[in-house]
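The structure appears below as structure tokens.
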């Protein structure tokens, strides 16, 4: 059900967010945003054999922030590190059938969260 | 599926009796009051005159003191800019409260550019303006004080009688924006000492597109829309006769019934407030605890964001408002257009947290069952958002276990 300015996909991911939670022994954790800016996302990744095998998130924010977080976790599961690294905010927004112009920053937050989590993974696992 | 409208501060549904009063002026009696020699024009003149008397009676003004406008925004613009330009050589200084509506605050911008100075008076944590602050802010060159009657977002009723008395003593014009209050709580423009009063029809079950500025006799005001000689020369343009007839009818109904509405809304408001207080944690009510609009309950919740709360409530059939940044101006061009409410910032709601602010504003048609529905869905919505929130998780981890 579309609601207000949001697509049906955004509302679906807002109402039924996928992969909410934590990973206790996460390979990498990325935290971006700031409650002061209205949203904050924490992304947990489990990496095995160069692939993202699990992803979970917790997000404080608006409908677009929660939906972007949920969609992102769906998109990166099963991807190689390189593939996950290449995900952009545009990919996330498109997968949600678009976001209002003022909410594009929510998808940017999702992109930054993956990059931060992968940076954390690489720091913990130097090549 | 529930369909519960708890957003009466944004607008109210048109009373069917108001629609009935408007209908003839769209179809059978379509005359222009300026063309008053023939029967059609005369019918329009009579309708506008009758409405003027009814709107005047609502706020104890004289009929000739009512200037119809397109709404509260235009009335506020006319009051601020019109009074500034009409005050002649007395001075170029205005005093306003920081919790005024945008149509007051933003009307000051072009004045500032033309050399006018503005002193902004603070509100306290309950959103109340201290009249002694107004007294201190008035200078010899002050021409106008503007303090609203009641704040839509947090429900606080301002001490306008005292502000009016101070303005009178200092011979300064006093404007009060009564958009949120008129038709809901008693307002006597003379007792309030108000020279200019803004009214909006669609906030008391009248039509959108019609408002009024009460202009006390003897006040010098410069028209802001130039053209013909309608509205005593204060507002050119053919009168919105159906809208004005509707505003008159809405004022007549409110004059008779608002006492009953207030009792009903007071009861609903207490039920909602008590229910929320006992079922939702990390809760902070906003606005004054007792001096507030009836049926108005506003608060913010820690660890949950306002737009998410609104979206979720809407899915559960409850329509409310929020002052949080994330829900503001969704039609803006970019995220710079998302700004937390200046009212919430003024009363000290932490600006380092984009809070879950909610305003529930009930109307005469709401019921106890609707309040109970809201109470049955709200705690679960808050809990679900908390469970998603990293800030709530961190908070829980800080609580000593088993404590």
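Every read-out reported here was derived from the displayed coordinates using simple, explicitly stated rules and does not represent laboratory data. Small disclaimer: the values here were computed from a predicted structure and weren't measured. Counting neighbours? That spans all protein chains shown, and the Cβs are built from the backbone with ideal geometry, glycine included.
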Taking Rh as the Kirkwood radius, which is the inverse of the mean 1/r over Cα pairs, what is the Rg/Rh value for the range A:16-127? 0.95
Please give the average number of partner chain Cβ atoms lying within 10 Å of the Cβ of each residue in A:55-61, rounded to a whole number. 6
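Looking at the square roots a ≥ b ≥ c of the eigenvalues of the Cα gyration tensor of the range B:201-318, which shape do they give, rounded for a/c under 1.5, prolate if a/b is larger than b/c, or oblate?
Prolate is the answer for the range B:201-318, as a/c is 1.5 or above and a/b outweighs b/c.
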Specify the angular offset, from 0 to 90 degrees and rounded to the nearest 10, of the alpha carbon long axis of helix B:39-58 from the longest principal axis of the alpha carbons in chain B. 50 degrees
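Please report, largest first and rounded to whole Å, the three semi-axes of the ellipsoid equivalent to the protein assembly as shown, where each semi-axis is the square root of five times an eigenvalue of the C-alpha gyration tensor.
On the way: eigenvalues 486, 119, 101 Å².
Ellipsoid half-lengths, sorted descending, are 49, 24, 22 Å.
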Tilt, helix B:306-315 to longest principal axis of chain B (alpha-carbon atoms), in degrees rounded to tens, equals 90 degrees
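How would the range B:123-193 be classified by its alpha-carbon gyration tensor: rounded, prolate or oblate, with rounded meaning a/c under 1.5 and the a/b versus b/c comparison settling the rest?
Oblate shape, in that a/c is at least 1.5 and b/c is the bigger or equal ratio.
Under the rule a/c < 1.5 gives rounded, and otherwise a/b versus b/c splits prolate from oblate, where does the range B:1-155 land using the Cα gyration tensor? Present the calculation step by step, with values, prior to reporting the outcome.
Working: a/c = 2.69, a/b = 1.49, b/c = 1.80.
Oblate is the answer for the range B:1-155, as a/c is 1.5 or above yet b/c matches or exceeds a/b.
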Going from the fewest other Cβ atoms within 10 Å to the most, one would list A:102, B:382, B:297 as A:102, B:382, B:297
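Can you give the FRET efficiency to the nearest 0.05 for residue B:10 and residue B:39, using r as the Cβ-Cβ distance and R₀ = 41 Å? If you can, show how the numbers build up before the last one.
Details: r = 40 Å, r/R0 = 0.96.
For R0 = 41 Å, the calculated efficiency reads 0.55.
Before rounding to the nearest 500, sum -39500 (n - 2.57) across all DSSP H runs of length at least 4 in chain A and divide by the residue total; then give [θ] at 222 nm in deg cm²/dmol. Don't skip to the answer; put the middle values down first.
Numbers: 5 runs with 55 residues, N = 127.
Roughly -13000 deg cm²/dmol at 222 nm, from the helical runs in chain A.
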Considering the Cα positions of the range B:1-44, please state its Rg to one decimal place and its Dmax as a whole number of Å. 16.6, 54
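Counting only other chains, and only Cβ atoms inside 10 Å, what mean value do you get across the residues of B:307-316?
Mean number of neighbouring Cβ atoms from other chains: 5.
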For the pair residue B:136 and residue A:25, how long in nm is the line joining their label points, each one 7 Å along Cα→Cβ? 6.3 nm
Between helix B:160-169 and chain B, what is the angle of the helix's C-alpha long axis to the longest principal axis, kept within 0 to 90° and rounded to the nearest 10? 50 degrees
Which distance in nm do the two modelled labels at residue A:82 and residue B:112 give, with both placed 7 Å along the Cα-to-Cβ direction? 5.5 nm
Taking B:25-31, B:218-224 and ranking on average Cβ neighbours within 10 Å, highest first, one gets B:218-224, B:25-31
With the alpha-carbon atoms as the only input, what is the per residue convex hull volume for chain B in Å³? 157 Å³
Partner chain Cβ atoms within 10 Å, averaged over the residues of A:98-111 - can you pull that number for me? 3
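Taking 0.36 nm per residue of separation and subtracting the Cα-Cα distance, what length does fully extending residue B:27 through residue B:222 add? Write down the numbers at each step before the final one.
Values: separation 195, 0.36 × 195 = 70.20 nm, distance 3.42 nm.
Length difference between fully extended and current span is 66.8 nm.
How much mean residue ellipticity at 222 nm does chain B get from its helices, if each DSSP H run of length 4 or more adds -39500 (n - 2.57) and you divide by all residues, to the nearest 500 deg cm²/dmol? Intermediate values should be presented prior to the final figure.
Details: 12 runs with 153 residues, N = 403.
One gets -12000 deg cm²/dmol as the mean residue ellipticity at 222 nm.
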In the protein assembly as shown, what % of DSSP beta bridges are antiparallel (nearest 5)? 70 percent
With a point put 7 Å past each Cα toward its Cβ, work out how far residue A:9 is from residue A:115 in nm, to one decimal. 2.2 nm
For a quick protection proxy, order the peptides B:192-202, B:385-395 by their average other-Cβ count within 10 Å, most packed first. B:192-202, B:385-395
Using the per-residue mean of other Cβ atoms lying within 10 Å as a proxy for protection, in what order, highest first, do the peptides B:121-134, A:58-71, B:176-189 fall? A:58-71, B:176-189, B:121-134
